[in-house]
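Presented below is the structure to which this report refers.
Any read-out appearing in this document is the output of simple, stated calculations on the displayed coordinates, not a laboratory observation. What you see is a predicted model, and the numbers here were worked out from it, not measured in a lab. We place every Cβ from the backbone using ideal geometry, glycine too, and count neighbours over all the protein chains shown.
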Amino acid sequence: MRLLVVEDEVRLAAALKRGLQAEGFTVDVAHDGVSGLHKAREGAHDGGYAAIVLDIMLPGLSGYRVCERLRAEGNWVPVLMLSAKDGEYDEADGLDVGADDYLTKPFSYVVLVARLRALLRRGAPPRPAVLAAGDLSLDPAKHQVVRGETEIELTPREFSL
């Protein structure tokens, strides 16, 4: 199974790659958000990644934005966010933009692998359908609400309600 690790700390990324390869995974690495997003997109055309381990604080494009863009494009590969940001709002933000799990640094490697295996058992969820009632539609993938031809702007918190 192919994994993508997007981590700007070079030594940590190399250690994750070695460890995950020892677990039997094929691992690609990106060190910034822009190349991580590019590899995730390209990987979708090559049979896809089984999962992505995604740091939040990345140069170029944050992990939040990478995940958000993948979800908006209909890419539902499981994402495990890995971050030094350990506040409950940081974790909630990661999950709200589409991550499937969140692990704070420093972390237990054993727990990281166990969480990846749990994500892989679930597989990528199907793309959610657009929900409609009359002229009101809600697109969970795009976080978009439209009535008739008018888009209704909602905050992430309002949308999640």
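For segment 59-127, which GluC sites (Glu not before Pro) are both in a DSSP coil and crowded by at most 15 other Cβ atoms within 10 Å?
In loop regions of segment 59-127 (DSSP not H, G, I, E or B), the sparsely surrounded GluC sites (Glu not before Pro) are 73.
Kindly provide the helix-only [θ] at 222 nm of the chain, computed as the sum of -39,500 (n - 2.57) over DSSP H runs of four or more divided by all residues, to the nearest 500 deg cm²/dmol?
Computed ellipticity for the chain at 222 nm equals -12000 deg cm²/dmol.
Just to be sure I understand the model, the point goes 7 Å from the Cα along the line to the Cβ. What's the resulting residue 38 to residue 149 distance in nm?
3.9
Please report how far the C-alpha centroid of segment 8-56 lies from that of segment 82-108, rounded to the nearest whole angstrom.
If we compute the Cα centre of each part, the gap is 17 Å.
Suppose R0 equals 30 Å; then what is the FRET efficiency for residue 72 and residue 23 from their Cβ-Cβ distance, rounded to the nearest 0.05?
Result of the calculation: an efficiency of 0.45.
So in segment 7-161, what percent of DSSP beta bridges are antiparallel if you round to the nearest 5?
55
Using 0.36 nm per residue of separation minus the Cα-Cα distance, give me the extension gain between residue 130 and residue 113 in nm, one decimal.
Full extension of this stretch gives 2.8 nm more.
On full extension of the chain, what length is gained from residue 14 through residue 139, given 0.36 nm per residue of separation minus the C-alpha to C-alpha distance?
Gain on extension, residue 14 to residue 139, equals 41.2 nm.
Return a whole-number percent for the relative contact order of the chain, with Cα pairs under 8 Å and 6 or more residues apart as the contact set.
Computed over the chain, the figure is 17 percent.
Would you pull out the residues with amide H under 5 Å of residue 154's amide H, same chain only if 5 or more places away, H placed 1.01 Å from N?
Those lying under 5 Å, H to H, from residue 154: there are none.
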